[in-house]
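Data first, discussion second: the structure below is written as structure tokens.
What follows draws every value from the coordinates through simple rules; no lab data is involved. Please read all numbers here as calculations on a predicted model, not as lab measurements. Every residue, glycine among them, receives a Cβ derived from its backbone with ideal geometry; neighbour counts consider all protein chains shown.
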Amino acid sequence: MGDDFYQKKSPDPVTDPYLIHFNPSVSQLIDLNISSESESEFTSIFSGNHPLPQAFPLAMVYSGHQFGVYNPRLGDGRGLLLSEAHATDGSVWDIYLKGCGPTRFARGFDGRATLRSSIREYLAGEAMHSLGIPSTRAIALIGIRDLIFRDRPELAAVLVRFSDSHIRFGSFEQPHYSNHPEKIPKLLDYAIQRHFPDINDSADKYRLFFREVVQRTAVLIAHWQTVGFVHGVMNTDNMLITGATFDYGPFGFLDRFNPGFTANSSDTSGRYAWSKQPQIGHWNLGKLGETLVSICGASALEAELNEYQPIYNQTFRALMGKKLGLDLLDEEFSNLVGRLFQILSENPADFTNFFRGLSNFPEGYCDSLYNYFPDKKVLDDWLSLYRRLLDREDQDNDLRARKMNRANPKFILRNHLLEHAISKAMKESDHSEIDRLFAFAQSPFDELPECLAKDNFDSQFYYADTPQKFIDWRLSCSA
């Protein structure tokens, strides 16, 4: 690719790195395993203290639209693409160190990541993956003894990120807006060869590339919406061309159903609220498309972009059908969903636990769900519509309940759970809650993770509605 797209740089050494958590399910994909004898060597390499043999670390160049405004001065300021790793199935993955020291794109910052934010990203990637949503993950979370300064002194960490790509929409914006359009075909050819080899020999491969990105982005955001995930920072530099969830800053999940919820305390206008994420996905794709106009032509790109909404709608409808245990997705189904969102927005219902409890209908008659509705008739009226749609499909209720419980998680990574784990790690050097949340995150649809079944603890704490003080809780980008 050449120096136009990256800076070659080695990680900066850290003080006394220690392994906080290791993810065997990710490491096994590339046959990377550690033992008690090799842990020290692993930690030293992946904290950045010792070079990985035959690796050439680099910081990637990109720009992007942040909150709708173009920013030309971005790039990997605190992370390095360490290496590519080949999986046993033939796929290729990026290994990336986040928090390993400043690059020339650091803009005066220290190039480190807080332990707080690293814990959040480590657990979030695993939670999203286990929910069936494309996402970056992490091989390991490594603590370091150096203190860093944000609003106050903070513990730091290095996240060993694992991703199918680190090519962002903003990777194309950088040469486009810096008046170097001749560099874009070079980046396109690399991206297609690496990520979309099936279209590599097509005469129309650049248009097909955009089609792939449009489709994957539409599907991704439909998944976000149906599970109640709120990204918080949907800038174009945080959107990957492969359609994976990327960059877990101030993310959150819906507690009560509040369509206007944004997870980012800096987002005062609500640009990245839950209800606006589909629209922002389309807007971001439009910005990517603008970088390709000179290659593909505006009309061809517009035609591809016009497919975004139908793909999103179709995927969202199918996912909502699974959440409600319904197969016939007609106008009556759409009316049912619309009415459901209306009553959820008007009553203090927990988004996740409402859908999970609905699988008990009609045998358990959703007794616990009535607690969310001061006027019980509101829920009764909706349930009567729901019953009619269930009856016309004549499904076996036990089978439907099992299917619904594979579409509606029992566990989501709520902010108060993360804060509990972060507090224990930072104040007591106790990482047991990270271990426990990791287990829950890997088994979001189960009644209890098998590995925790013998532990003596209050499992309901991890499944309960969000406490009032954390409802619609927002974080800053540095949290």
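Over all directions, average the projected area of the Cα convex hull of the range 326-404 and note it in nm².
Mean shadow area of the hull around the Cα atoms is 4.8 nm².
Mind checking the angle between helix 184-195 and the chain's longest principal axis? C-alpha axes, 0 to 90 degrees, to the nearest 10.
In the chain, helix 184-195 runs at an angle near 60 degrees to the longest axis.
Could you work out how far helix 115-130 tilts from the main Cα principal axis of the chain, as a 0 to 90 degree angle to the nearest 10?
Around 60 degrees separate the two axes.
Report the extension gain between residue 329 and residue 469 in nm, rounded to one decimal, defined as 0.36 nm multiplied by the number of residues separating them, less their alpha carbon distance.
46.6 nm
Set the Förster radius R0 to 45 Å, insert the Cβ-Cβ distance between residue 392 and residue 368 as r into 1/(1 + (r/R0)^6), and round the FRET efficiency to 0.05.
The formula returns an efficiency of 0.95 here.
Please grab the % of Cα pairs in the chain that end up more than 33 Å from each other.
That tail contains 40 percent of the Cα-Cα pairs.
In terms of the Cα gyration tensor, with a ≥ b ≥ c the square roots of its eigenvalues, is the range 118-191 rounded because a/c is under 1.5, prolate because a/b exceeds b/c, or oblate?
It is oblate, given that a/c is not under 1.5 and a/b is not larger than b/c.
Using 31 Å as the Cα-Cα cut-off, could you pick out the over-long pairs in 98/403; 276/427; 323/424; 98/276; 9/276?
Table pairs above 31 Å Cα-Cα are 98/403; 276/427; 323/424; 9/276.
Please work out the ratio of the alpha-carbon Rg of the range 227-299 to 2.2 N^0.38 Å and round it to two decimals.
This ratio for the range 227-299 stands at 1.23.
Would you work out if the range 32-116 is rounded, prolate or oblate? Take a ≥ b ≥ c from the square roots of the eigenvalues of the alpha-carbon gyration tensor; rounded if a/c is under 1.5, else prolate when a/b is larger than b/c, oblate otherwise.
prolate
Tell me, what is the FRET efficiency for residue 179 and residue 107 to the nearest 0.05, using R0 = 25 angstrom and their Cβ-Cβ distance as r?
0.70
Based on the mean of other Cβ atoms within 10 Å per residue, sort peptides 217-229, 140-152, 446-458 so the most packed one is first.
Packing proxy ranking, top to bottom: 217-229, 140-152, 446-458.
Relative to the longest principal Cα axis of the chain, at what angle does helix 432-442 sit, 0 to 90 degrees, rounded to 10?
That helix lies at roughly 70 degrees to the long axis.
Using every Cα-Cα pair within the range 6-166, state what percent have a distance larger than 20 Å.
When every Cα pair of the range 6-166 is considered, 50 percent fall beyond 20 Å.
Run lengths n ≥ 4 of DSSP H only: what is the helix-derived mean residue ellipticity at 222 nm for the chain, with -39500 (n - 2.57) per run over all residues, to the nearest 500?
About -12500 deg cm²/dmol.
On full extension of the chain, what length is gained from residue 39 through residue 427, given 0.36 nm per residue of separation minus the C-alpha to C-alpha distance?
Stretched out fully, the residue 39 to residue 427 stretch lengthens by 137.2 nm.
Ranked highest first by average number of other Cβ atoms within 10 Å, how do 430-436, 29-35, 55-61 line up?
My ranking of the peptides, most packed first, is 55-61, 430-436, 29-35.
Once you have all Cα-Cα distances for the range 405-474, histogram them in 5 Å bins from zero and send the whole-percent values.
Using 5 Å bins, I get a P(r) of 3, 16, 26, 24, 20, 8, 2, 0 for the range 405-474.
Rg over Rh of the range 143-301, using C-alpha atoms and the Kirkwood radius, what does it come to?
1.03
Treat each spin label as a single point 7 Å out from the Cα along the C-beta direction, and report the residue 377 to residue 435 distance in nm.
Going from the residue 377 label point to the residue 435 one covers 5.4 nm.
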